[in-house]
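All remarks here apply to the structure that follows.
Bear in mind that the values in this text are calculations on the coordinates, not laboratory data. Worth saying up front: this structure is predicted, and the values here are computed from it rather than measured. Note that each Cβ is placed from the backbone with ideal geometry, even for glycine, and that neighbours are counted across all protein chains shown.
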Amino acid sequence: MKIGVLGGTFDPIHNGHLSIAGEARARLNLSKVLFVPAAQPWLKTDRVVTPVRHRLEMVRRAIAGYPYFELSTLETDRSGPSYTVDTIATLRQRLGADARIFFLLGWDSLAELPEWKEPARLVRLCRLVAIARPGLDRPDLEALEIFVPGITQSVIWLDVAPIDISASAIRAKVSQRLPISSLVPDVVESYIAENNLYSGSG
């Protein structure tokens, strides 16, 4: 069994997330992709994150029509900061030895991997599926190997065109009363409006 894992704040989930997950599932022949919203993203302490219940519901609604996508509350069910290595280790225990885990991340996150908790352990627990981000160069794996032994053997480059959609830009558009219909699923756009999310963010 091959399982994809897409973590993130999902504040909000958008069409880029869904596209990336779909491409990875198809190209890597994944059984399913788990969407794992973070409870307390330790790298995003500089801003207020929308309450978990809203972010979970937006993900739940966005993936409802995809039988091969699944919401995981693994990180939001536990207290404290969300660390990817802890999440992947727990998933390995739950899924069993036969499962192969593919963690999806952008080139920006891959370049920051040395700053993550136990990155060398992470690359032993799963394969990293690296996805291009607009305006960024592909990270140098040989340079990263110095700080994260084993990373050169772990990364799979997912050859897809960069998707220029960001949650921060969506939040800004909502706060400026600009349309976001092309950036998020209709059900997410409706949920944001119904719950008055991001109206005061910039």
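Observations, loosely collected:
- When peptides 94-104, 50-60 are sorted by average Cβ neighbour count within 10 Å, with the highest value leading, the order is 50-60, 94-104.
- Linear extension gain, Tyr66 paired with Ala99, 0.36 nm per residue minus alpha-carbon span: 9.8 nm
- For the stretch 140-182 and the stretch 1-75, distance of Cα centres in Å: 13 Å
- For the stretch 1-158, the relative contact order comes to 23 percent (Cα pairs under 8 Å, sequence separation of at least 6).
- Whether the stretch 31-122 is rounded, prolate or oblate, judged on the alpha carbon gyration tensor where a/c under 1.5 counts as rounded: oblate
- Cα-Cα separations in the stretch 76-163 greater than 17 Å, expressed as whole percent: 49 percent
- Distant-in-sequence amide contacts of Arg78, defined by a placed amide H-H separation under 5 Å and a gap of 5 or more residues or a different chain, comprise nothing.
- Rg and Dmax of the chain, Cα atoms only, in Å: 16.5, 49
- Lysine pair count for the chain (Cα-Cα distance under 26 Å; residues 8 or more apart in sequence or on different chains): 5.
- Estimated inter-spin distance, Val48 and Asn195, nm [label 7 Å along Cα→Cβ]: 1.5 nm
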